[in-house]
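A.B. asks: Provided herewith is a single structure, encoded as structure tokens, for subsequent inquiry.
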Amino acid sequence: MKNRLPLLIITAFVPMVWGSTYLITSEFLPRKKELGRIILLGTLNIGLFQAMLFVSAYRLPGGLAAILSSTQTIFVLVLTRTVAKKATPASAWLAALMGIIGIILLVASPSTTFDVIGILAALTGAVAMAC
């Protein structure tokens, strides 16, 4: 048998990274002061994003789901401008658009089928993660 050490190290690394979530939450996030923010972020990330990810994965071809998910960068820029009231440089908009175009060029297919519920789910997931 070949040396399995690299595989074992990679396998052990994933639970360590996952476990760091608990360390960061318990040691670095003030419990009472940040509770509302933690609940909001948990709902957006785990509750809404994950649900929308599975709906879009079930109802859309992978390429279309990837294209719609890549719009998250645009939503981040919009939120930065509207909610945080911070200027967003033109280069950031250009980079976001180029990223989306790159994904389109990589995974778009002329035989793609469209499903309104899947499209809305993918875009909702992108907005949830952007928030």
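The values are calculated or read from the model by the stated rules, or taken from the named source; none is laboratory data. Computed from a prediction, not measured in an experiment: that's the story for all the values here. Using ideal geometry, Cβ is built from the backbone for each residue, glycine included, and neighbour counts are taken over all protein chains shown. When the accessible area is computed, the model is the full protein with side chains, heavy atoms only, and any ligands, DNA or RNA have been set aside. Shrake-Rupley method; radii C 1.70, N 1.55, O 1.52, S 1.80 Å.
A.B. asks: State the number of residues belonging to region 1-23 that are closer than 27 Å to Thr124 by Cβ and open to solvent by 80 Å² or more (accessible area, probe 1.4 Å).
C.D. replies: Total meeting the criteria: 1.
A.B. asks: Return the residues of region 116-128 that are touching a residue at least 12 places away in the same chain (Cβ under 8 Å) and open to solvent by 70 Å² or more (accessible area, probe 1.4 Å); say none if nothing qualifies.
C.D. replies: Listed by number, the list holds a single entry, Ile117.
A.B. asks: Turning to a different aspect of this structure: Looking at Lys32 and the list (1) over 13 Å from Ala130 (Cα atoms); (2) open to solvent by less than 90 Å² (accessible area, probe 1.4 Å); (3) not acidic (Asp, Glu), which single condition is not satisfied?
C.D. replies: Status for Lys32: all satisfied but (2).
A.B. asks: Applying the selection to region 86-108, what residues are open to solvent by less than 50 Å² (accessible area, probe 1.4 Å) and touching a Leu at 6+ places or on another chain (Cβ under 9 Å)?
C.D. replies: Of everything in region 86-108, those that are open to solvent by less than 50 Å² (accessible area, probe 1.4 Å) and touching a Leu at 6+ places or on another chain (Cβ under 9 Å) turn out to be Thr88, Ala92, Ala96.
A.B. asks: Is there a residue in region 63-70 that is open to solvent by 60 Å² or more (accessible area, probe 1.4 Å), assigned to a helix (DSSP H, G or I) and out of contact with any Asp or Glu (no Cβ under 8 Å at 6 or more places or on another chain)? Working first, answer last.
C.D. replies: Within region 63-70, the subset open to solvent by 60 Å² or more (accessible area, probe 1.4 Å) is none.
Scanning region 63-70 turns up no residue that is open to solvent by 60 Å² or more (accessible area, probe 1.4 Å), assigned to a helix (DSSP H, G or I) and out of contact with any Asp or Glu (no Cβ under 8 Å at 6 or more places or on another chain).
A.B. asks: For residues that are touching a residue at least 12 places away in the same chain (Cβ under 8 Å) and either at positive phi or part of a loop (DSSP other than H, G, I, E, B) (or both), tally how many sit in region 1-34.
C.D. replies: Of the residues in that region, 0 qualify.
A.B. asks: Now for a different question. Checking Thr113 against (1) touching a residue at least 12 places away in the same chain (Cβ under 8 Å); (2) surrounded by 12 or more Cβ atoms within 10 Å (Cβ to Cβ); (3) more than 30 Å from Thr21 (Cα to Cα); (4) not small (Gly, Ala, Ser), which test does it fail?
C.D. replies: Answer for Thr113: the failing condition is (2).
A.B. asks: In this structure, is Ala57 open to solvent by 60 Å² or more (accessible area, probe 1.4 Å), more than 14 Å from Val127 (Cβ to Cβ) and modelled with pLDDT under 95?
C.D. replies: Yes: the conditions hold for Ala57.
A.B. asks: Sticking with this one: Taking the conditions exactly as written (touching a Ser or Thr at 6+ places or on another chain (Cβ under 8 Å), within 15 Å of Val127 (Cβ to Cβ) and surrounded by 14 or more Cβ atoms within 10 Å (Cβ to Cβ)), does Thr73 satisfy them or not?
C.D. replies: Values: touching a Ser or Thr at 6+ places or on another chain (Cβ under 8 Å): no; within 15 Å of Val127 (Cβ to Cβ): yes; surrounded by 14 or more Cβ atoms within 10 Å (Cβ to Cβ): yes.
The answer is no for Thr73.
A.B. asks: Would you mind telling me which numbered condition in (1) part of a helix (DSSP H, G or I); (2) closer than 16 Å to Cys131 by Cα; (3) modelled with pLDDT under 95 Val78 fails?
C.D. replies: Just one mismatch for Val78, condition (3).
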